[in-house]
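Asker: Could you have a look at this structure, given as structure tokens, before my questions?
The values are calculated or read from the model by the stated rules, or taken from the named source; none is laboratory data. In this text the structure is predicted, and so the values were computed from the model without any measurement. Cβ coordinates were reconstructed from backbone atoms using ideal geometry, including for glycine residues, and neighbour counts include every protein chain displayed.
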Amino acid sequence: MKRRMMTKAAALLMAAGLATGAAAQETTLRMVSAFAENGIYVQRLLPWVQKFNAEGKGVLQINFIGGPKAIPTFEVGNAVKTGVVDMALSTGAFYTNVMPEADFLKLTQLTVAEQRRNGAFDAINKVWNEKANMQYLARMVENQPFHIYTNKPVDKPDLAGLKIRITPVYRDFFHALNASVVTTAPGEVYTALERGVVDGYGWPIGGIFDLNWHEKTKYRIDPGFYDAEVSLVMNLPAYRKLTPAQRDFLHKQLLALEAQNGFWNQFTADETARQDKAGIKAIRFDAATAKAFRDKAYQVGWASAERQSPEIAARFKPLFTPK
Ligand code: 173
């Protein structure tokens, strides 16, 4: 009798094991975004997730949980590091609390395709693995330089007397331009402008209409500088747990996402025209001043990287800079 009961229990266990085995063939990854759900980045991400799930049935699925309301912008990096979520759309500037090196990716001057060819991508992953417990999966935004937007006129590359909203992306450069700065997540920019807490903000060339900032913006300073890095990152243990088939599928989908990055050139043209139409005036410097302004951005950016993490900055610089 006792033996028969054991057999029954074993059979039940086996059935449960089989069920787990079947489920283990399809893994669902929980994903969040550090950027707002109604912004351009998530708008471009969601159709990709949809296609991913359609093609990944029985292999790999993504469950998009939400934007900063699910996990606040500056906490997303730690959520990926600790495995609270499996995957995130974010930018390095939002997880410098995990490692300062995260923000160095704004300094790349090569396409992500070139970064995959020249070893930059692998070099990034070595650091992301070791210091952030993350796999750096794909860069889905390229050719989106940052700009300074203000509601006060500026006639030279000097922001003395202006208070500008920043993230770590802009901190050292705007300090070098004599601005005073306030760090906020994108979700707080509109209110900061409305209340006069800031006179302007840093943001890429595209996206200022998504949260209605154009209503509070009078000027854009040209030229742009750096390149907005918006990427998918993944918890490293979750990545390592994937089967070879799941990893191949993921990799194929990530390359397909990056292959759409030509979109951003057209977006730049469209957004520049839209800003113009909205009455936002471009402040332009003469050619020599413009060049000095951009050069200063990179010089200050790399100097800051070298100060924060000399060994890794030295590794990255030749891989991020055109020959
Ligand atoms: O919030 C920001 O200004 C910022 O750091 C950023 C980075 C990449 C894309 C857009 C914004």
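Asker: Across the range 201-221, what is the number of residues that are within 12 Å of the ligand (Cβ to nearest atom) and either free of Cβ contacts under 8 Å to residues at least 24 places away in the same chain or more than 19 Å from the chain's Cα centre (by Cα) (or both)?
Answerer: 1
Asker: Could you list, ordered by first residue, the pairs with Cβ atoms under 9 Å in which the first is in the range 233-253 and surrounded by fewer than 13 Cβ atoms within 10 Å (Cβ to Cβ) and the second is aromatic (F, W, Y), at least 6 apart or interchain?
Answerer: Every condition considered, no pair remains.
Asker: What residue, of R116, R139, is in a strand (DSSP E or B) and either assigned by TED's automatic domain parsing to the domain that holds L254 or under 26 Å from F263 (Cα atoms) (or both)?
Answerer: On the way: R116 fails: in a strand (DSSP E or B).
Going through R116, R139 in turn, just one is in a strand (DSSP E or B) and either assigned by TED's automatic domain parsing to the domain that holds L254 or under 26 Å from F263 (Cα atoms) (or both): R139.
Asker: Could you grab the pairs with beta carbons closer than 7 Å, sequence gap of 6+ or different chains, first residue in the range 153-170 and assigned by TED's automatic domain parsing to the domain that holds A305, second one of a type in the set (K, R) and within 16 Å of the ligand (Cβ to nearest atom)?
Answerer: Close Cβ pairs satisfying both conditions: V169/K106.
Asker: Right, next: Of the residues that sit in the range 69-97 and are in contact (Cβ under 8 Å) with a residue 60 or more places away in the chain and among the aliphatic types (A, V, I, L, M), which one is surrounded by the fewest Cβ atoms within 10 Å (Cβ to Cβ)?
Answerer: Taking the candidates together, the pick is V85.
Asker: Identify, from the list L137, L45, L110, the residue that is crowded, with 21+ Cβ neighbours inside 10 Å and either away from the ligand (no atom under 14 Å from the Cβ) or over 24 Å from L29 (Cα atoms) (or both). Give the derivation first.
Answerer: Numbers: L45 fails: either away from the ligand (no atom under 14 Å from the Cβ) or over 24 Å from L29 (Cα atoms) (or both); L110 fails: crowded, with 21+ Cβ neighbours inside 10 Å.
L137 is the lone residue from the list that is crowded, with 21+ Cβ neighbours inside 10 Å and either away from the ligand (no atom under 14 Å from the Cβ) or over 24 Å from L29 (Cα atoms) (or both).
Asker: Turning to a different aspect of this structure: From the list T167, T150, T217, pick out the single residue that is closer than 29 Å to E311 by Cα and among the β-branched types (V, I, T).
Answerer: Just one listed residue meets the conditions, T167.
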